[in-house]
Each structure stands twice: as structure tokens, then as C-alpha cells.
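A.B. asks: Structure below; questions to follow.
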Amino acid sequence: GGRLPGTPFPYCAWNEKSIYIYSSTHIIFLFLFEEKENFMDKIKIGLAAYGMSGQIFHAPFISCNPHFDLVAITERSKNLSWERYPDVRITRSFDELIGMDELDMVVVNTPDVTHYDYARRALEAGKHVIVEKPFTMTAAEGDELVSFAAKKGLVLSVYQNRRWDSDFLTIKEILAKGLLGRLVEFESTFSRYRNFIKPNTWKETGESGGGLTYNLGAHIIDQAVQLFGMPEALFADIATLRDNGKVDDYFVIHFLKPSEYPGVKVTLKASYLMCEAEPRFILHGTEGSYVKFGLDPQEADLTKGLLPNTPHWGEEDQDFWGMIHTEKEGNVFRGKYPSLPGNYGAFYENIYQHLYGGAVLQSHAKEVVGVIRLIEAAKKSSRMQRVVSLA
């Protein structure tokens, strides 16, 4: 209690949500705040690009989170972002973006080969940084950025949003409950079908990065590491299968002796020539199996224009729930296992809780460097046609 600064009132009391101002006999004024975060501690954030990544995977989650202000978006010549975000400032270059003093954080969602340079420049400008996957093109670049961010006292995170896929969260629950007994085999597959080379895209030319191993591989390798830890070694086969292809469009990677589950056989696969999709996940254990078709619904819903604050966000239709078959102590069960809701928005909520609530950063760039190290090892393994040690 005491005198409220800047007022003539002799008595007052306050807490995080209320201010009471009163005389000796009557309360004169009562002002209630709905949420403290509504008027302070918002993170002012800018996007480095407004392509598919910006439109689908970043802007919707930033704009729907009350802890963030989407302040600026870089578009070199267009004004597409004004259609949905009319109050956002459009910058015409990355230098203009990072030169904005009011920005707290920058999302580097530009072509792969720019990630290292743009992230470093944003850190030099004193901004916290989120980098789209793949983090960097080399582990050495990643290590350097992690060290530089730590020296500057800034957050450096990588957008590994598929840690919050519906099916992945469900698999984590199944393993945590031990429903399959001791896990012996794990297969993760991204099935794609595009039997032509998409014109005018850097992901197909290889000029600014691209290739399936860096693109989808960065996701499913990260998921495997989250489940099983880093492997002692790996073996990989990476290839270009489509006619006139310039980047890899197929890979199979085998983890050997992952640190957390050394006995499990881990196979990771993706291809652009799967007209008939394979299961997204296959798990076999000593007491059962789990097989899951289909993909997390969030990307499809975002593409349709739905926002993350839509009711029942991330919930999967029961028709796509995975099949679990267990045999324990003579008891047999075979049926659908309910999928947990996916939630990419948890990534941004964790960023805020880390900065203002002291929560552990769940997608710290330091740990994601290991994913880039595995991609480099996979390319070496495929090139040399041998097992590559990661000791």
C-alpha cells in the first residue's frame, strides 16, 4: 500500500491484476486488468520472408498468440501480407528488418543457404532469432551460431515444429506407457508424389539449398533423435530418382545403436515417387505393434486458411487414427488408438515462456546442430557406401 505515484490519492493497494484507490471511508476507484500480458511483455517479432513458410507455418501462430506482436514482414516487391495483416509494416530488405529498433525477435525463414548469414546478422543486431529448418547447411556453421548467441545472451531456436505433430505426440505416449513392450523396430516415412521437377523453385534447382534430405529429413531425423537419442553410427542411401532431377529426392537412413534405445532398429525414409503412400509410422515391440497412415492435419488446415484458434485445432479424424495390436499375458487387443491433438503453436508459446517465465527452451539450436551433423554423415555414408561412425 501507500500513495500511488503521480496521483493525489493518499491510500492505495495493488497486485498483478487490480489497483484499489480509496479514501479513509470509501473505495474511490477499482481498475481490473484481464491479463498482465495484455499490456506488457509482448514479444515484437518480424518475419524475414512471406513465402509458404511465412504464410502457413509462422504468421498464423504468431498472430494468434497474445504474447506476440507481428510487427514487420519482409517482401521484396509485393504486399501480400497486407491482405491478412494490414497493420504490419512491410520491409523491402533483410537489412531494413533487422534495423528496426522496436523488434525483439526475427524469424529467419529464407532459403536454406541464407540461414547462417541471416541468423548471424540478426544476432549481431541484438535480436533473438528463430531459424526455419534446416538450421544450417553444416554443423560447423551451427556450432558457431550457437556460440555467438550464447556470447550475446540471445535466444537462438530452430523451428522443429513437427515435434508437435499429432502422430508423433501419440507415439511418445505409446512408448511412455510401454504398450508395445520392449521396442525393437521403428520406421518413419514421408511419402510424397511429384513425378516432375517443379519449375522456378530453389528447392528443386539446388542453387539455394534444397533436396529432400535437408527438407523432410531435417524433420524425421529430429523426431528420431527426440525419441531415441543420437546414434553411434548410421548407414544411408541418398539418390535422385526423377528424370532431370537436380537435387536428391529419395533417402533411406538407418540409425545404428541410438543412445537411448540401443537395441531398436531405426529406419527413416522419404521419396517423391510414392504414388501409393506407405505408413507414416511403423512400430514393433515384443508385445505389440502400432501402424499409422496419414499426416498430421495442421498443415492442410493452415493451407485452407484456418487459423490455430479454430475450435478442435489439431484434432485428427478418427478414420486416420493408427492401429494398435497388443498381446500381453494372453490378452489380445487390436483396434484404433486415439491420436493426440497436434499443436504447432506450442513452439511459440514455449519461446515466450522461456523468455518471460524461465521455462526450458524446447527447440534449442544447440541440440538441433546434431540433426545437421547426422545429415552430413548420411550424405557421406551414401557417397562412400559404408557405415559412418559418429563417435
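The values are calculated or read from the model by the stated rules, or taken from the named source; none is laboratory data. Since we're looking at a predicted model, the values are computed, not measured. Counting neighbours? That spans all protein chains shown, and the Cβs are built from the backbone with ideal geometry, glycine included. SASA here: full protein model, heavy atoms, side chains in, ligands and nucleic acids out. Shrake-Rupley method; radii C 1.70, N 1.55, O 1.52, S 1.80 Å.
A.B. asks: Does GLU75 qualify as being of a type in the set (D, E, K, R), more than 19 Å from the chain's Cα centre (by Cα), farther than 21 Å from GLY357 by Cβ and open to solvent by less than 30 Å² (accessible area, probe 1.4 Å)?
C.D. replies: So GLU75 passes the test.
A.B. asks: Enumerate the pairs (first residue in the range 97-114 and free of Cβ contacts under 8 Å to residues at least 40 places away in the same chain and under 12 Å from VAL129 (Cβ atoms); second residue anywhere and assigned to a strand (DSSP E or B) and open to solvent by 40 Å² or more (accessible area, probe 1.4 Å)) with beta-carbon separation below 7 Å, excluding pairs fewer than 6 apart on the same chain, so at least 6 apart or on different chains.
C.D. replies: none
A.B. asks: A further question follows. Determine whether LYS203 is within 23 Å of GLY322 (Cα to Cα) and open to solvent by 50 Å² or more (accessible area, probe 1.4 Å).
C.D. replies: Judged against the criteria, LYS203 is not a match.
A.B. asks: Please work out which one of (1) closer than 30 Å to ARG280 by Cα; (2) among the small types (Gly, Ala, Ser); (3) under 20 Å from the mean Cα position of the chain (by Cα) is the condition ALA119 fails and give its number.
C.D. replies: With (1) closer than 30 Å to ARG280 by Cα; (2) among the small types (Gly, Ala, Ser); (3) under 20 Å from the mean Cα position of the chain (by Cα) applied to ALA119, the lone miss is (1).
A.B. asks: Exactly one condition in (1) modelled with pLDDT of 95 or more; (2) in contact with a Phe, Trp or Tyr (Cβ under 7 Å, 6 or more places away or on another chain); (3) small (Gly, Ala, Ser) is not met by SER208; state its number.
C.D. replies: (1)
A.B. asks: In addition: Does any residue of the range 273-295 turn out to be out of contact with any His (no Cβ under 6 Å at 6 or more places or on another chain), farther than 29 Å from LEU183 by Cα and assigned to a loop (DSSP other than H, G, I, E, B)?
C.D. replies: yes
A.B. asks: Could you identify the single residue in LEU306, LEU241 that is in a loop (DSSP other than H, G, I, E, B) and under 21 Å from TYR159 (Cα atoms)?
C.D. replies: LEU306
A.B. asks: Within the range 128-143, how many residues are open to solvent by 10 Å² or more (accessible area, probe 1.4 Å) and under 13 Å from the mean Cα position of the chain (by Cα)?
C.D. replies: Total satisfying the criteria: 2.
A.B. asks: Of all residues in the range 148-199 being free of Cβ contacts under 8 Å to residues at least 12 places away in the same chain and basic (Lys, Arg), which is most open to solvent (accessible area, probe 1.4 Å)?
C.D. replies: Looking at residues that are free of Cβ contacts under 8 Å to residues at least 12 places away in the same chain and basic (Lys, Arg), I get LYS151.
A.B. asks: What single numbered condition from (1) free of Cβ contacts under 8 Å to residues at least 60 places away in the same chain; (2) part of a loop (DSSP other than H, G, I, E, B); (3) not hydroxyl-bearing (Ser, Thr, Tyr) fails to hold for HIS254?
C.D. replies: (2)
A.B. asks: Look through the range 305-362, keep the residues that are charged (D, E, K, R) and open to solvent by less than 90 Å² (accessible area, probe 1.4 Å), and return whichever of them is nearest to the chain's Cα centre (by Cα).
C.D. replies: The residue in question is GLU349.
A.B. asks: Can I ask one more? Looking only at the range 221-250, count every residue that is closer than 25 Å to VAL184 by Cα, in contact with an Asp or Glu (Cβ under 7 Å, 6 or more places away or on another chain) and either surrounded by 20 or more Cβ atoms within 10 Å (Cβ to Cβ) or outside the structural domain of MET384 (by the TED database) (or both) and tell me the total.
C.D. replies: Residues that pass the stated criteria total 2.
A.B. asks: Here is a further query. Could you run through the range 86-103 and say how many residues are assigned to a loop (DSSP other than H, G, I, E, B) and surrounded by fewer than 18 Cβ atoms within 10 Å (Cβ to Cβ)?
C.D. replies: Matching residues across the range 86-103 total 8.
A.B. asks: Here's another thing I want to ask about it. Is at least one residue of the range 130-141 assigned by the TED database to the domain that holds SER208 and either without any contact (Cβ under 8 Å) to a residue 24 or more places away in the chain or aliphatic (A, V, I, L, M) (or both)?
C.D. replies: Taking every residue of the range 130-141 in turn, none turns out to be assigned by the TED database to the domain that holds SER208 and either without any contact (Cβ under 8 Å) to a residue 24 or more places away in the chain or aliphatic (A, V, I, L, M) (or both).
A.B. asks: Next question, about the same structure. Is there any pair linking a residue in the range 202-217 that is touching a residue at least 12 places away in the same chain (Cβ under 8 Å) to one that is surrounded by fewer than 20 Cβ atoms within 10 Å (Cβ to Cβ) and among the hydrophobic types (A, V, I, L, M, F, W, C), with Cβ under 7 Å and at least six apart or on different chains, and which?
C.D. replies: GLU204/ILE197; SER208/VAL113; SER208/TRP202; GLY209/VAL113; GLY209/MET137; GLY209/TRP202; GLY210/TRP202
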